[in-house]
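Below: the structure, in structure tokens.
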Amino acid sequence: MKSLMLLWIKLAEESASRCHTSATMDCKTVQGRFKHEGLSFLTITLPEFGKDLQKGLERGQVDRDLFQGFTWRAGLPVFLRGFLDRVFDRNSGELLDEPCVHAIQCIRQLTLSFAKISLPCSDARERDAFRGYIECEKEVRTADHNLSSSNLEDFRRVSATLFASMFSQVDRKIYNYELMPKHGPGATADKMRGNAKYRLRTWTDRLENIFPAGEYLLPNWSFMDEYGDVDHLEPGSEIPCKVISVPKTQKTPRIIAMEPTAMQYAQQAVLEAILESIGRNDYLSKFLGFDDQEPNQLMAKEGSQRGNLATLDLSEASDRVSNQHVRNLLINHPYLHEAVDACRSRKAEVPGHGVIRLAKFASMGSALCFPFEAMVFLTIIFLGIERDLNSPLDRRTFKKYVDKVRVYGDDLIVPVDHVSSVVSMLDTFGCRVNTGKSFWTGKFRESCGKEYYNGSDVSIVRVRRVFPTHRKHVPEIISMVSLRNQLYFAGYFETVEWLDSLITKMIRHFPNVATSSSVLGRHSFNDHFDRHRYDVFLQRPQVKGYVVTSRLPSDPLDGSGALLKWFLKRGTLPFADRNHLERAGRPHAVDIKLRWANSY
């Protein structure tokens, strides 16, 4: 862990040089507090400092409620004073007329680098997270109860104007039995993995009404003799989704849910139909993002420069979209409504709290969680805009807001002119805006992993794992090489040189390669790549270096399951892995092997 503190010192010294100041006292402060507080100083305390900087940029001044736990002198903290003095006035704490963008980025780099490092939380924090999941469920029920009939009527009207055409297309596909399900590689509540999922023989009565087991679990009806092995579960005996925690920050874990295999299988069928229909829609695809974050990022940049667009972030976004929201969204589309309801888990098993009945639509882990939360949020945004305009919206009005409104998960872009009304409407429907990560009054904006101040990119490089101490620490080595290359392109060349010395102690071959090379190597701005030999067949230079490898678990599949897997394959190309019927699923571990590979 000491190496992480040394990394901070290297970053601080180079950042100070970049901003023409000194970080000597800052380094002493970090060394002293790291010694007494441990790693949590880097992963919890410093990130709070970074978040307070963003609040100060949003407010236009630093108040005494910010930067708690740090010594102050005049109107600013003493810590990182050389950087802060280039952003705020030390006497008044007010934002300078022309704050140094480099200083803003350096402060963010020094305080937020370790915020999302992959480390387990304490047991107490994990229990608090599960308790918060239960409390959130209670709040969703309360919000549903408090919604007025007029609010729901407006919600249905606006959502129908937005989505009726798209939902009707999906409705017809379901009516004509045109949906094609698929299995994913992830874990499930009933612990089925890899090829074993194609031998699924557990179905539910709710699914049977719209996804007949004979059509979805068997390759064709010539395998009718296997239909007798299908176990149909009544609603009361269905397998609940399983709520688990995964690493997010050391302060709190991320809470997700693993769906039963049958539910996930059907959800993927509905998901594919919805995404295809949205992609063909002339304006919905401009409002909703599912696989491309760049439009949100560019709009955040515009908002930071022109002040016309706000970036909103929602807390517990997935868990606060209620089933009632989705039911009202689909009220005029009976087949889609029935399909979505059939593949939704109604109960969840929460550690320490047993099995509970869900008021929320779905937690992260459901294939339908992401698209439906986005559609619910988009509807609420336009409800807020409509309330502000005091005039009903139609499709012509919606199109005026292309490039002004966009939703990507819980990252929302809305016009600043309507932000108060939108925030109020989100609150009315039980959604909670994270004010610490939402910006609309200053020149700072963030969305989808990119941060901007007055049009300048102030995004940072994050440390994702602790540093390796042995060659066997493969994920840590891979992460360290990635960190090195990201810092290089961020301009931290002296820190990169120090990291190179640590990496070469772990792996003796660390060549200069292109970003497209499979070799773990040094990336750079120039095109001078190492060349150890020449491949006469591909006519490309090759280097000797370490390549990431993994071996899929043994999971043989034959008979009807193998045939079903072939029928469910998308596209006309053959399977990428010729051994897919022998090995499947996610690898238990990754390794790095020394071998020859292309330099670029």
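How many of the residues in region 461-478 are of a type in the set (V, I, T), surrounded by fewer than 20 Cβ atoms within 10 Å (Cβ to Cβ) and touching a helix residue (DSSP H, G or I) at 6+ places or on another chain (Cβ under 7 Å)?
Final tally of qualifying residues: 1.
Name the residues in region 42-65 that are more than 15 Å from V87 (Cα to Cα) and in a loop (DSSP other than H, G, I, E, B), would you?
R64, D65
For (1) within 30 Å of Q324 (Cβ to Cβ); (2) assigned to a helix (DSSP H, G or I); (3) of a type in the set (K, R), each residue gets a yes or a no:
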residue	(1), (2), (3)
Y401	yes, no, no
H418	yes, yes, no
V422	yes, yes, no
P468	no, no, no
P475	no, yes, no
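Among the residues of region 156-203, count how many are within 27 Å of the chain's Cα centre (by Cα) and closer than 30 Å to T397 by Cα.
6
Consider V481 carefully, then state whether it is of a type outside the set (S, T, N, Q), under 18 Å from A597 (Cβ atoms) and either free of Cβ contacts under 8 Å to residues at least 40 places away in the same chain or crowded, with 21+ Cβ neighbours inside 10 Å (or both).
When the stated conditions are applied, V481 passes them.
Kindly indicate which of V407, V376 is surrounded by 17 or more Cβ atoms within 10 Å (Cβ to Cβ), of a type in the set (V, I, T) and within 23 Å of R306 (Cα to Cα).
Just one listed residue meets the conditions, V407.
Restricting attention to region 186-237, report how many residues are more than 13 Å from Y265 (Cβ to Cβ) and small (G, A, S).
Residues that pass the stated criteria total 7.
Give the number of residues within region 558-600 that are crowded, with 17+ Cβ neighbours inside 10 Å and either more than 26 Å from L179 (Cβ to Cβ) or touching a Phe, Trp or Tyr at 6+ places or on another chain (Cβ under 6 Å) (or both).
Number satisfying all stated conditions: 9.
Scan region 91-133 residue by residue and report those that are aromatic (F, W, Y) and surrounded by 21 or more Cβ atoms within 10 Å (Cβ to Cβ).
Within region 91-133, F114, Y133 qualify.
Can we say L53 is of a type in the set (A, V, I, L, M), farther than 23 Å from S122 by Cα and within 26 Å of the chain's Cα centre (by Cα)?
Taking the combined requirement at face value, the residue satisfies it.
Testing L152 on (1) under 28 Å from the mean Cα position of the chain (by Cα); (2) more than 30 Å from R570 (Cβ to Cβ), one condition comes back false. Which one is that?
Looking at each condition in turn, L152 falls short on (1).
Does region 142-155 hold any residues that are within 11 Å of A359 (Cα to Cα) and surrounded by 16 or more Cβ atoms within 10 Å (Cβ to Cβ), and which are they?
Passing the criteria: A143, D144.
Matching residues to (1) touching a residue at least 12 places away in the same chain (Cβ under 8 Å); (2) within 30 Å of K301 (Cβ to Cβ); (3) touching a His at 6+ places or on another chain (Cβ under 6 Å); (4) not in a helix (DSSP H, G or I):
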| position | (1), (2), (3), (4) |
| --- | --- |
| R108 | yes, yes, no, no |
| D154 | yes, no, no, no |
| F163 | yes, yes, no, no |
| A187 | yes, no, no, yes |
| D190 | yes, no, no, yes |
| A196 | yes, no, no, no |
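Pull up region 1-41, narrow it to residues that are of a type in the set (S, T, Y) and part of a helix (DSSP H, G or I), then point me to the one that is nearest to the chain's Cα centre (by Cα).
Once the filter is applied, the top-ranked residue is S40.
I'm trying to understand the selection: among the residues of region 436-476, which are assigned by TED's automatic domain parsing to the domain that holds L314 and more than 20 Å from M299 (Cβ to Cβ)?
G436
This table checks each residue for (1) assigned to a helix (DSSP H, G or I); (2) over 28 Å from M480 (Cα atoms).
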site	(1), (2)
E497	yes, no
N526	no, no
K544	no, no
L557	no, yes
F575	no, yes
I592	no, no
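Exactly one of (1) over 23 Å from L426 (Cβ atoms); (2) within 18 Å of the chain's Cα centre (by Cα); (3) surrounded by 20 or more Cβ atoms within 10 Å (Cβ to Cβ) is unmet by H333. Its number?
(2)
With the condition kept exactly as written, say whether any residue in region 397-406 is at pLDDT 95 or above and closer than 21 Å to L275 by Cβ.
Yes: one or more hits.
Test C431 against the stated conditions and say whether it is modelled with pLDDT under 95, within 29 Å of R306 (Cβ to Cβ) and crowded, with 19+ Cβ neighbours inside 10 Å.
No; evaluated as a whole, the condition is false for this residue.
Pairs needed: first member in region 58-69, free of Cβ contacts under 8 Å to residues at least 60 places away in the same chain; second member anywhere, in a loop (DSSP other than H, G, I, E, B); C-beta distance under 8 Å; at least 6 residues apart or different chains.
Short answer, once both residue conditions are applied: Q61/S92; Q61/G93; V62/G75; V62/G93; D63/G93; F67/F79.
Scan region 343-359 for residues that are touching a strand residue (DSSP E or B) at 6+ places or on another chain (Cβ under 6 Å) and either basic (K, R) or assigned to a loop (DSSP other than H, G, I, E, B) (or both) and jot them down.
Passing the criteria: S345, K347, R357, L358, A359.
Restricting the first residue to region 11-33 and requiring it to be assigned by TED's automatic domain parsing to the domain that holds W72, which pairs with a second residue that is in a loop (DSSP other than H, G, I, E, B) meet a Cβ separation below 6 Å and a spacing of at least six or different chains?
Listed pairs, sorted by first residue: A12/A23; E13/A23; E14/Y492; A16/S22; A16/A23; D26/L80; T29/F79.
Quick check on region 553-566. Is at least one of its residues in the same structural domain as H509 (by TED's automatic domain parsing), under 19 Å from S518 (Cα atoms) and of a type in the set (F, W, Y)?
The answer is no; no qualifying residue exists.
Residues are listed down the side, and each one gets a yes or a no for (1) at pLDDT below 95; (2) of a type in the set (V, I, T); (3) within 22 Å of the chain's Cα centre (by Cα):
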| residue | (1), (2), (3) |
| --- | --- |
| R86 | no, no, no |
| E94 | no, no, no |
| V101 | no, yes, no |
| I104 | no, yes, no |
| S113 | no, no, yes |
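So, in region 291-312, how many residues would count as being outside any helix (DSSP H, G or I) and either among the polar types (S, T, N, Q) or surrounded by fewer than 23 Cβ atoms within 10 Å (Cβ to Cβ) (or both)?
Adding up the residues that qualify gives 6.
Output the residues belonging to region 347-371 that are within 22 Å of A143 (Cα to Cα) and either charged (D, E, K, R) or free of Cβ contacts under 8 Å to residues at least 60 places away in the same chain (or both).
Scanning region 347-371 gives K347, R357, K360, F361, C369.
The values are calculated or read from the model by the stated rules, or taken from the named source; none is laboratory data. Everything numeric here is computed off the predicted structure, so don't read it as measured data. Positions of Cβ are generated from backbone atoms using ideal geometry, with glycine treated the same way; all protein chains shown enter the neighbour counts.
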